[in-house]
Every structure is written in structure tokens, then in C-alpha cells.
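Working notes, beginning with the structure itself.
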Amino acid sequence: MTPATLLRTPGDAIRLLDEELVALSCGAAFWPATRTLIVADLHFEKGSSFARRGAPIPPYDTAATLARLAATITAIDPVRVISLGDAFHDSAGPERMSEQDRDRLMRLQAGREWIWIAGNHDADAVGDVGGVRVEELSVGPLTFRHEPKRGARGEICGHLHPAARVRVSAGTVRRHCFAGDGARLILPAYGAYAGGLDVASRAFAGLFEVHRLVVHLIGEGRVHRFPAGSIVGARVNLDGTARPRATRS
Amino acid sequence: MSTPFATPTEIVLPERFATWFAARGWQLRPHQAAMLGKARDGRSALLIAPTGAGKTLAGFLPSLVELADPAKRPKMALTGRGVRRKGIHTLYVSPLKALAVDVARNLEAPIAEMGLEITVETRTGDTPAHKRQRQKYAPPDILMTTPEQVALLLASAEAPDLFGALKRVVFDELHSLVTSKRGDLLALDLARLRRLAPDLVAVGLSATVKDPNELAAWLVAQAPSADRAEADIVTAPPGAPPDIRILEPTDPDEWRIPWAGHLAVHAMPAVIAAIATAKTAIVFVNTRAQAELVFQELWRINEANLRIALHHGSLDVAQRRRVEAAMAAGGGPGGLDAVVATSTLDLGIDWGDVDLVIHVGAPKGASRLAQRIGRANHRLDEPSRALLVPANRFEVLECEAAIEAAAAGAQDTPPIRSGALDVLAQHVLGCAVAAPFRDDDLYAEIISALPYRDLTRVGFDRVVDFVATGGYALKSYERYARIRRTRDGTWRVANPQVAQTWRLNVGTIVEMPMLKVRLVSGLSGPVAKMGGRILGEMEEYFFETLTPGDTFLFGGEVLRFVGIRETEALVARARGKDPRIPSYWGGKFPLSTHLAERVRGLLADPASWKALPTQVREWLELQRLHSRLPRPGELMIETFPRGGRGYMVVYAFEGRPAHQTLGMLLTRRMERMGLRPLGFVCNDYALGVWAATDLGGAFARRRPSLDELFDEDMLGDDLESWLDDSALLKRTFRNCAIIAGLVERRHPGKEKSGRQMTIATDLVWDVLRTHQPDHVLIEATRADAAAGLLDIRRLASMLARVKAHITHVRLSRISPLAVPIMLEIGRESVPGSAEEEMLREAADDLIAEATGR
């Protein structure tokens, strides 16, 4: 398959410096110029991480996340996949991964470059899950790292699990989203059990030029693009001690 | 079936008691004597009595008499640990902490005055830890507590000593306990108590209910494949019939009864006037939003400066206690003239001075109204006084129907639930926390509880499997098991952490995620680092809909939303015009089937209209002229064109939740049939749907026919596909997941320090329903939703009933009866399935704008 099979939908383009990326409805970003697929915060084995501490959350999250990833990889056949850190929910995650899931992950890596950027959850991860581990990575003008670095330009990161609430004709709707201002792009968390954090919350303060902020909310089969003005609470971070939005999960 | 009262000759009060009764000028009432007789014979009994009948004394007298007799006092016994101690003699369980405390206080007087050596103590969440600890090794004779504390005590190592000699357990307000998951848990705990104390006698105290026999069966052990066992029933004579009136304009020009709405603002001057005639009045409303508005409106016109307070579940506890204390002071100094209240005052301690109940809005159910009216006047021989204030024309009909029901003594309390599986999971883990159990024994114990009588062994084993490792087809959690079967065949808790987590999460009341509402300085600019006082708590999702600067009504004040800090919503006082009204999920009871039938009967019988206010009568006459009136047994549907759209109004009278579900399913089906539905709206009485096509014409051509459109098969695949994505189901799942112990409750403070793990249950739901749709928690969630928020049971029975009895009335314009439902349009929030559509629309609009297309 060729990149031409990539199904484009209205408003799915994201500009970062002078590069164009595509926001996919599965939650991954695609960089056509380098045929690179980028995912953030896969949080594999979050279910089993809870189970081992006494809360038997359904053990199907790794398989669900992998299935979604596999469908995307099959459709666009990237030459390179970059995971932006926190691929596992904790550092013992790779050991807990089932044979079946591990095989599937290995098959996805066949024939392409696979890069694991270290996150805070899985920094000391042990166990063989293929690929190459790096702290951060630069490709052309873009830098890939887990946590956003203040003052950096042209970086793509994860860690914060952005979500946004936007105004629609009757009320508001909240979804996980891509958040970018042309100089930085933060990807939504990809994992089936990974929650979202409001872009209007304190953690995002100072990361974007608010008037340039654009979010792409994840929808069914497409993403929905909104400027900062549509985001509930985006401009009102007060003195930085208060969250203007309530949502935590 | 009531058993005849024991005659006073059969029951002789011990001398001390007889003297005490005589000194107060009291006589032993027949139902009190009957309860003594049941106790003497060792029979469990259900006492049904109106307020003011001395119900509590009837419940406790047998315990006091027995404990006063030195020969019958519990003996000190040697326990396994070599300590000599006695256990609890009587356990009293109340749905409310405050009620337990109040009843304990009321028992102290007779005990002191008769010089009895009986100890009475309370145990609630507020009891200090050292006292709770002491109660475990030196328990009182009578312990007054709540269902959650019973579960905790049963799971403690001391349970066999505490309850081994238990003689009686008394459940107060049993009718209200059994209608929720709390009742399921309590039924399981009762079964456990019976195992620890096989001769235990159970006593239920209840208001009048529709099916007392069912309630009597709840009290006693059920045997497998035998007829239902029931406790004896003792019924006290009813009090004087209540004096209920409907507020109506004295002359037709005074005010108009509104077509729609639930706030009755028009009637507030009359409500103020009524309050002025009473010593103390309770103004009951159905929702917290109504409470806020009615309170606000009453104070706006309160020229006589009547002392009016507000009481609802979101207000700070200390504030509520102050209001209750003022209520107790009655209409005198330091007291109150009226309190505006929600169901938080439906039950609870008696206030002697309340002599008027004002009910604003729809009564919803006959028994519910009777219960509320009973809050006025606690003397049996005097009628309780009540004033019903309907907020719209349909509510006038509903009030009239409720008065008829009260006169006929009709009851419409719901039947006892079948036990929930999430509650069972919590109980099973609790049993393991108490002591290792054998599954055969535990199964036998559980099916002796009425709500779990029909639980199959397979069903039980699935729950045990869930408790152990999550019950997943993918058996990957064996090594993380919470309970394990050991070599001796018993199930044991895997580690002490499991028990600790269980204790922190016990109970079945799951609150929506809440934020504390803190008042900060009203100045603009930076938010004060140190907050002001806490006004109460509100659902987090309400604040999700607010933007800083928005104003809203809370605790009778207009507040401005400032922001959110950790688990607090910061607000400032504001001078707001048009404050928003918080909408709450709770407290929205549907119209009962019984009252609905009466309303339909009233509509169909013009001869009965003379009891109605002139304006309402004229409205119905107009409807008769312009369209027709729905008849009992049929489903009437009106269609009419309006503003280029086709409208359909379905007069189903099945209550809002069932109509909401019907609306979702109908519009899906209409979409498929090419009728292009655009939206729907509903209230307790009807459902309105509008479409881009001529609905009347389509039905007249039978394309589709109405029988086809309303076919019961909509409850099949359509329901399934909608349910899977329904926000209601996700909310229900969250409750089940917390009760069953899949995820932990949020414990304030712990989340901040990171000691608590959190996961969004919505995400878990999506994964679980895709990968294991037959999981026990999905089953529990669907069962909950079917009975509760979606009311599928009621919808199903309606669809079956109206088959071939659907009448289509095709009109050229809107009918008088359709006006109220049409006025609801625009007040509704968005149903979940439209979310994606609106998101697309909003995003595309912006793109179109930007590209100039």
C-alpha cells in the first residue's frame, strides 16, 4: 500500500513549523513527508497494573490498543513508528504483557523502524519489546520527546493527555484532542485506558500561544478542528492556581 | 394478612412499665400490645402504622421488657479469647444517622424514668474511633445504627461475639430501605445475622405500603423451593384522613395556571399567605433546582419577614443541622415559620409543631405524597393539613388524581427489587473479610434473603469468580486474586490490603463526583490563596457546563463561578440577573403508574371535571372540541404541521424516563424509515417528536402504520445498539463498578497525595463491552438501567398493552393538550447520540467560515 491510501478528512491538517502533519481519528499523527506515524502514551498493561494492586480492571486494554494501532499501520504502512513515551503504564509492564500481545506488537514492527521514546511511567522498563529506545529524537526540523520542554520549538510530545471541551449548538462536548500552536504539538493519549486532561488546566499553562492554539478533537472516523476561541475556558487560567474546568479524568 | 390483636388480658405489662404508662396518662395501644405478644411468642413481625401511632415505642417495648427482667438479661459468656462478655441484645437499623441518634435519645427517657439498667448507644460514621473500638468488646444492650455500620461490624473479627446472643433486630422505615441497593445489602446482612444468631427475631416498622406481605417476607429466611415465608403483620389503625386541598385562583382573573414549567412562581403569594396561617410549614418540592427557586421567590415577596429556611442534600451538613435544630424549636422563638425542602426531609425525626405541608409541583405518586403529608401533625386523631400547588395544567390533573387516591387509601409503593449483583459482590468480599467461607454455605445463606431468593448457583459462582479475579474469560489475573480457595476448601482474603480497601469502600450509596463550593472574596483579580467558608457540595458535571463569570443560584444566593482549585469550586457573591439554575440528576421520580391511570381516567370522564379549576376545565373542553381526549386503554397520537415541520405527540403517560427511552428508539426507527426525525422532547405525560417530513400524511397512508412504528421489536436490536453507547449506561456502570469493588471510591484528600489510583470508568466500559459483553458487571449495569433511568420494563409493558389500540388524530394545527409538551422544546439538553453530529456541524461551520464558503 502507498501513503495515497491515507484517507483525508476536512480540517485534519496540522502545521508544525513548516511541516504538515495529519491528525488521524484513531489518535495518532502521521507525517507524510517522512512516512512517520507518531503515537503518544499507549499505556499498555494499565489494566494489569491496577489488578496487581487489588482492582481487577478488565485485562483487555493492551489488546484493544494494539488492535487500533494495527488497523492504522495496515492502512497507511508507515516506514517509521515513534512512540512518544509511557508506552507501558509501569516499568514492569513489558514483563506482564501476554505472549499473544507481544507477538502482535513484534509483527507490527516488521519491515519498519520502531522507536520507543522513554516516558516517566516506563523509564526503567525491562523486557524485550523490540524497537530502539531513546531519550528523545530529532528528525529534520522536528524533535520528538515525552514531556514538553519550555521554550522548545518544533517539538512533538505526549505526557499531558490533552482533552478539550468545545461549544456546539446545544451545550458543550468534551473529547481527547491534538493540541498545537504551530510551534509545538501535543498528541492525545492513545491507550484504551488513558484518560484526558483539559487543555485549559494548569498543566498546559504557558505551553501554547493561546491565540494560535488549535485543537483537533477525536471523532468517529474523523477529527474535528477548533480554534482556541471555541474551547471552553481556554483563555481563563486566572492566576495559575485555579482550574477553570472541572474535569479531571 | 393481619393477625388479630392480642387482648390486654393476654399481655400484662410488668409493673414498672404499667406504672410508668399510668403516670403519663398513657394506655398500652392495641398494636403495642400485639408487638409484645409477637415477641413473647418469638415471632418476627412487621408493624404498619401511621406517624404518631407510637411506632417506635411499639418496636422497642418488647426489648425493654425483656431486658428489664433479670432472668432474661444476656449472660456474660466465655468467648474464644477467654474474655467474659455479653453481646448486643437488640440491634436497631435506621436509614438516617440523625434518626438513629434521635430515637436513642427518645429511649433514654423511659429507661431513666423506670430506673432500668439498660445501655443504649449509637454507632454511625460520626462516632469517634475509640468509642467504636470499645463498642466491639463492651457492646451496649441496644445498639442503634445504620446499614453501612452493620456491614462493617459483620466483617469484623468480633462479629460472632457481638451478635451471637442477638435477640432482636429492628428496622425502622423499612418501606424506604428496601427500595434501593441499600436494601439489598441489608437483606444479605440480615441473612448473616440469622446465621450468627439462629433464633433472631426480626421486626420491621413501616408506613403503609401497597404489598405488606412482600415486606413481611423480606424480614424472614426463605427456604429453597418452598412457598414464600412471611413474618406476622400487625397493622395499627389509620389516623384521621388528611385534609388535602389544591391551590386554585379564587376568581379566574386572579392568575392563570401555566401551561408548562415546574416552578409555580405564579402561586408564591398564595404560598406565603398559607405559611402565615401555620405554626410551622414544610414546603416540599421535587428537585433541588425547584427548592432554590421557590426559596428565592418566597423571600423576594416575604414582606412579613416570615422565617423561611432552605434544606436540601447539597447544602453543607452544618447548615442543614442548624435548620433542623430550628425546626425542632417549632414556630416559637428561635424557630422557623417554614422550611423549603426536598426529599431530604421525607423521613426523619418528628417535629411537633409542623401543622401544614405545602407540596409545590407534581405529587408523582400516591404513597409518596401520603408520606410527605404525614410530616404534618403527629397526633393521630387530628387530620394532617396539606396544600397542593400544581405548577402547570397537567399537574392540576395529577394533584386531583392524588387526592382521589388518598381518599381511597390507595398505595403505589414499588415492588421489592430483585437483588443486584454488584451489591452481592461487595457482600461476598465482606464475608471473606470477616472469616474464611465455604461457597456452599454462603450460597445457602444468600438465597435465604428475599431479594436473592432466585439467584442461581451459576450466578453465585460467577460473582465469586468476579470477586476473586475479576471474572474474565482471559484468565490473566489468577496471581492477583483478592480471595483464594485454600486446600481446606474455604475461600480466604489474599492479603490484609484487600480487607482494608473493602472497609473504605463499603456501602451502596455512590455519589456523583462532587466539588465543595467555597465562597471567596468577590473582588476580581487573583484568587485568594486562602479560601472562605464552604457553602456545600455540588456535582462536578454542573461546573463543567459553566464558564468563569457565569452566575448561578445556590443556597438561596446568586453566586459567580470563579474557577476550580483541586476539589473545590470557588465562587463569589454576585448581583446577578438571570442566574442559571443548577440542574441535578437526583430526585427526578417518574409519575407512578397508579397516578397515571387515575389521570387518564379523569381525562376520559368529563363528568369528573367539575372538581377541576375553571381554567383547566376550559382547556379540556377546548381539546374535546378541537381534537379528542385520550381514552383509557388506548395510545392516542396527534400529528400536525407547524413551521414547515411535521409534529407527533404521543400521549403515553408512562413517566419521563420511559418516554425518554421511547423517544430515542422511535427516532432511530423513524430515521431508518425515511421520516427524517429532527428531535424529540418529553415530560411525565407525553412525548413530542418533530421531523422534516409530513408525519400525519405518512401515518394516514400507513407508510409506516403506527402499529409498525410502535412494534415491540424496537426493544430488540435498536435498544441494544443505542444502549451500548448511552451516556446513561456509562453512568450506571460507574455505580456498579464502585459498589462491586472494581474501582475505588474517590476519597477526598487521598487523590491529591497520589495514594489513590483513578481510572475513568467510561473507558473501562468501552473496553469491557467490546471484549466480554456477557461479563457479570455488564449484566448488573443493564439490569439497573432497565429498572431505573431507562425504565424499559414500563415501556415494554406499555408497548405490549397498546398493540392494535393506537389511535391517530390528524390535525391541521396544534391541539390544546399538545401545548405543554411543545413548550418543553428548547429546554432539553442534548441526548448523547446527537453529540457527534453537533461536533461535526460546529467544526464544519468554522471551516466554511474560514474558507469563505
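The values are calculated or read from the model by the stated rules, or taken from the named source; none is laboratory data. None of these values were measured; they are calculated from a predicted model. Cβ coordinates were reconstructed from backbone atoms using ideal geometry, including for glycine residues, and neighbour counts include every protein chain displayed.
Observations
- Residue identified as of a type in the set (Gly, Ala, Ser), assigned by TED's automatic domain parsing to the domain that holds B:Pro50 and assigned to a loop (DSSP other than H, G, I, E, B) among B:Ala191, B:Ala216, B:Ala187, B:Ala229: B:Ala229
- Filter pass, A:His121 being under 30 Å from A:Phe226 (Cβ atoms), modelled with pLDDT of 95 or more and surrounded by 18 or more Cβ atoms within 10 Å (Cβ to Cβ): no
- Odd one out for B:Leu678, checked against (1) touching an Asp or Glu at 6+ places or on another chain (Cβ under 7 Å); (2) farther than 19 Å from B:Leu789 by Cβ; (3) at pLDDT below 90: (1)
- All conditions in (1) within 14 Å of chain B (Cβ to nearest Cβ); (2) surrounded by fewer than 18 Cβ atoms within 10 Å (Cβ to Cβ) hold for A:Thr62, with the sole exception of (2).
- Of all the criteria given as (1) among the aliphatic types (A, V, I, L, M); (2) assigned to a loop (DSSP other than H, G, I, E, B); (3) surrounded by 22 or more Cβ atoms within 10 Å (Cβ to Cβ), the one not satisfied by B:Leu347 is (3).
- So B:Leu620, is it in the same structural domain as B:Ala800 (by TED's automatic domain parsing), modelled with pLDDT of 90 or more, in a helix (DSSP H, G or I) and closer than 27 Å to B:Ala362 by Cα: no
- Selection within the stretch A:40-59: residues that are among the small types (Gly, Ala, Ser) and either part of a helix (DSSP H, G or I) or more than 10 Å from chain B (Cβ to nearest Cβ) (or both). The member of this set that is farthest from the chain's Cα centre (by Cα) is A:Ala51.
- The single condition among (1) more than 8 Å from chain B (Cβ to nearest Cβ); (2) farther than 18 Å from A:Pro10 by Cβ that A:Val214 does not satisfy is (2).
- The set of residues in the stretch B:629-649 being loosely packed, with under 15 Cβ neighbours inside 10 Å and either under 15 Å from B:Leu678 (Cα atoms) or not assigned by TED's automatic domain parsing to the domain that holds B:Ala692 (or both) consists of B:Arg642, B:Gly643, B:Gly644.
Conditions tested, residue by residue: (1) facing chain B (nearest Cβ under 10 Å); (2) surrounded by fewer than 24 Cβ atoms within 10 Å (Cβ to Cβ).
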| residue | (1), (2) |
| --- | --- |
| A:Leu137 | no, yes |
| A:Pro141 | no, yes |
| A:Val173 | yes, yes |
| A:Ala179 | no, no |
| A:Tyr193 | yes, no |
| A:Ser201 | yes, yes |
| A:Gly221 | yes, yes |
| A:Ala228 | no, yes |
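- For the stretch A:2-22, the criterion of a residue being more than 22 Å from A:Arg153 (Cβ to Cβ), without any contact (Cβ under 8 Å) to a residue 60 or more places away in the chain, crowded, with 17+ Cβ neighbours inside 10 Å and within 10 Å of chain B (Cβ to nearest Cβ) is satisfied by no position.
- One residue from B:Ala386, B:Ala402 being part of a helix (DSSP H, G or I), surrounded by 17 or more Cβ atoms within 10 Å (Cβ to Cβ) and aliphatic (A, V, I, L, M): B:Ala402
- Selection from the stretch B:463-518 of residues that are over 12 Å from B:Ala432 (Cβ atoms), of a type in the set (Phe, Trp, Tyr) and either within 35 Å of the chain's Cα centre (by Cα) or away from every other protein chain (no Cβ under 11 Å) (or both): B:Phe466, B:Tyr472
- Filtering the stretch B:156-174 to residues that are part of a helix (DSSP H, G or I) and either of a type in the set (Gly, Ala, Ser) or under 24 Å from B:Thr732 (Cβ atoms) (or both) leaves only B:Ala159.
- Check on B:Val294, at pLDDT below 95, in a helix (DSSP H, G or I) and of a type in the set (Val, Ile, Thr): yes
- Filter pass, B:Phe17 being at pLDDT below 80 and of a type in the set (Phe, Trp, Tyr): no
So that you can scan it fast, the table gives a plain yes or no per residue for (1) among the aromatic types (Phe, Trp, Tyr); (2) at pLDDT 95 or above; (3) at negative phi; (4) out of contact with any Lys or Arg (no Cβ under 7 Å at 6 or more places or on another chain):
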| site | (1), (2), (3), (4) |
| --- | --- |
| B:Leu154 | no, yes, yes, no |
| B:His175 | no, no, yes, yes |
| B:Ser180 | no, no, yes, yes |
| B:Ala202 | no, yes, yes, yes |
| B:Thr208 | no, no, yes, yes |
| B:Glu230 | no, yes, yes, yes |
| B:Ile233 | no, yes, yes, yes |
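- Condition check for A:Arg102: surrounded by fewer than 23 Cβ atoms within 10 Å (Cβ to Cβ), within 14 Å of chain B (Cβ to nearest Cβ), among the basic types (Lys, Arg) and touching an Asp or Glu at 6+ places or on another chain (Cβ under 9 Å): yes
- Filter pass, A:Val126 being surrounded by fewer than 21 Cβ atoms within 10 Å (Cβ to Cβ) and either closer than 20 Å to A:Gly93 by Cβ or of a type in the set (D, E, K, R) (or both): yes
- Selection count where residues are under 27 Å from B:Lys803 (Cβ atoms), part of a helix (DSSP H, G or I) and of a type in the set (S, T, N, Q), scope the stretch B:706-737: 1
- Scanning the stretch B:756-768 for residues that are surrounded by fewer than 20 Cβ atoms within 10 Å (Cβ to Cβ) and within 14 Å of B:Cys736 (Cα to Cα) yields B:Ala760, B:Asp762.
- Test: residue in the stretch A:27-39 that is within 11 Å of chain B (Cβ to nearest Cβ) and either in contact with a helix residue (DSSP H, G or I) (Cβ under 9 Å, 6 or more places away or on another chain) or surrounded by fewer than 24 Cβ atoms within 10 Å (Cβ to Cβ) (or both): no
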